[in-house]
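Laboratory data are not the source of any read-out in this text; all were calculated from the coordinates shown. Because the structure is predicted, anything quoted here is derived from the model rather than measured. In this analysis, Cβ positions are derived from the backbone assuming ideal geometry, glycine residues included, and neighbour counts consider all displayed protein chains.
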Amino acid sequence: MKLKEYEAKEILSNAGIRIPRGIHVKKGNEFVVAPDIKKAVVKAQVEVAGRGKAGGILMADNSQVQETAEKLFQASIKGVFVEEILIEEQLDIQHEYYLSITIDRSKKAPVILFTSEGGVDIEEVAQKNPDAIRKATVYPLLTKVPGYTIRYLLNGAPKEIGPVIQKLYSVFMNRDALLAEINPLVMTPDGLYAADAKLILDDNALARLGISENRDLSERERQADAYGFSFVELSGNIGVIGNGAGLTMATVDLINNMGGKPANFLDVGGGADRVRVAHAVRLLGSMPDVSVIIVNLLGGITRCDEVASGIIEAGVSQKIIVRLAGTNEKEGKAILLSKGYLMLETMEEAVKAAVEAAS
């Protein structure tokens, strides 16, 4: 789950990383900016990339902050309406650095990235001058980043950055993060500050962290989570239901290979009964762009007759194309055939029929 900037900065501040003075303001609430903050940065708290270039970060003198905040509250940044803003003092920036920690999945360990060329165009730096970004793996049994690793990362950059790396690593580990990023980490005459911050937490750790709701989920993804489905919304018009991640992903891939556009990934899991299957079909039936649904299930601990009953019980308007194989296969097929459902023997045949029906 992505945290908003003000949430991430509060965590960094509690870990001892300096952040600019500022206030968090919700739409409709009154606020006052400290009079000694002569110039401010007004930032939309929206979870989109490139918000600065999209007009989500504005500069203002103290006397103009109210007007600038109102302007942002009336704005939409990449289609997301602004409900919260962060107002901070402008910093006297001497140099910008980039610092982040994420997971290197190939090594199954955290990797720290650092460069003296920080700022909004870090992606361009990565493309045009990848050698400018220094990387170091830290294996998770270590509670601290070794000194030699920090010296390698800094490569002549100010030694004051070393403690910031240690503190960010502590945040990354203690918060079960998938990404902890400071961009830019800025040097000012008064020292180092995290001018911006990003934290993405592992969804599987939210309960352990005391977070009851994953804000990143769409409404349908929330419903799927409540039912216990593995579900991801895509942008196509062919609904996909399978059992087992491999079979469901293979169905999605085959739809793409045959020129179709999958609308989702939905794995109902093993042992799905009539009620569970009905919930899955209704969930896809509620998606306005879905014109056809393919159900591709292999019955092991899942009974095909239960699957068939769930499909019928769902009662959706979209055409449903079914491929069933395994336990109680004959009974399941008989139930569906009696109601006029299209039954096909192989996954390839079912996907081809779904693509043709959707087009």
Run Pro184 past the list (1) surrounded by fewer than 17 Cβ atoms within 10 Å (Cβ to Cβ); (2) touching a strand residue (DSSP E or B) at 6+ places or on another chain (Cβ under 7 Å) and report the number of the one that doesn't hold. (1)
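Wholly within segment 1-103, which strands (runs of 3 or more DSSP E) include no fewer than the required count, namely at least 3 residues that are more than 28 Å from Lys167 (Cβ to Cβ)?
Details: elements: 22-26, 39-44, 57-61, 84-89.
Where strands (runs of 3 or more DSSP E) fall fully within segment 1-103 and carry at least 3 residues being more than 28 Å from Lys167 (Cβ to Cβ), they are 57-61.
Only one of Glu213, Glu181 is of a type in the set (D, E, K, R) and in a strand (DSSP E or B); which? Walk me through how you get there before you give the answer.
Numbers: Glu213 fails: in a strand (DSSP E or B).
That would be Glu181, the only listed residue that is of a type in the set (D, E, K, R) and in a strand (DSSP E or B).
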Can you tell me which residues in segment 222-258 are buried (at least 20 other Cβ atoms within 10 Å of the Cβ) and either assigned to a strand (DSSP E or B) or free of Cβ contacts under 8 Å to residues at least 40 places away in the same chain (or both)? Phe231, Ile238, Gly239, Val240, Ile241, Gly242, Val252
I'm trying to understand the selection: among the residues of segment 39-96, which are of a type in the set (Ser, Thr, Tyr), free of Cβ contacts under 8 Å to residues at least 12 places away in the same chain and surrounded by 13 or more Cβ atoms within 10 Å (Cβ to Cβ)? Ser76
Consider Leu254 against the criteria (1) over 30 Å from Gln45 (Cα atoms); (2) touching a Ser or Thr at 6+ places or on another chain (Cβ under 8 Å): it satisfies all of them except one. Which criterion is unmet? (2)
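Here is a yes/no grid of residues against (1) acidic (Asp, Glu); (2) touching a helix residue (DSSP H, G or I) at 6+ places or on another chain (Cβ under 8 Å):
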{"position": "Arg51", "(1), (2)": "no, no"}
{"position": "Asp61", "(1), (2)": "yes, no"}
{"position": "Val80", "(1), (2)": "no, no"}
{"position": "Leu91", "(1), (2)": "no, no"}
{"position": "Pro110", "(1), (2)": "no, yes"}
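Condition check ((1) closer than 17 Å to Val25 by Cβ; (2) in contact with a Pro (Cβ under 8 Å, 6 or more places away or on another chain)) across all residues:
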| residue | (1), (2) |
| --- | --- |
| Ala60 | yes, no |
| Val65 | yes, no |
| Ala75 | yes, no |
| Glu88 | yes, yes |
| Gln94 | no, yes |
Taking segment 326-358, which residues are within 36 Å of the chain's Cα centre (by Cα), surrounded by fewer than 16 Cβ atoms within 10 Å (Cβ to Cβ) and more than 15 Å from Ser291 (Cα to Cα)? Thr346, Glu348, Glu349
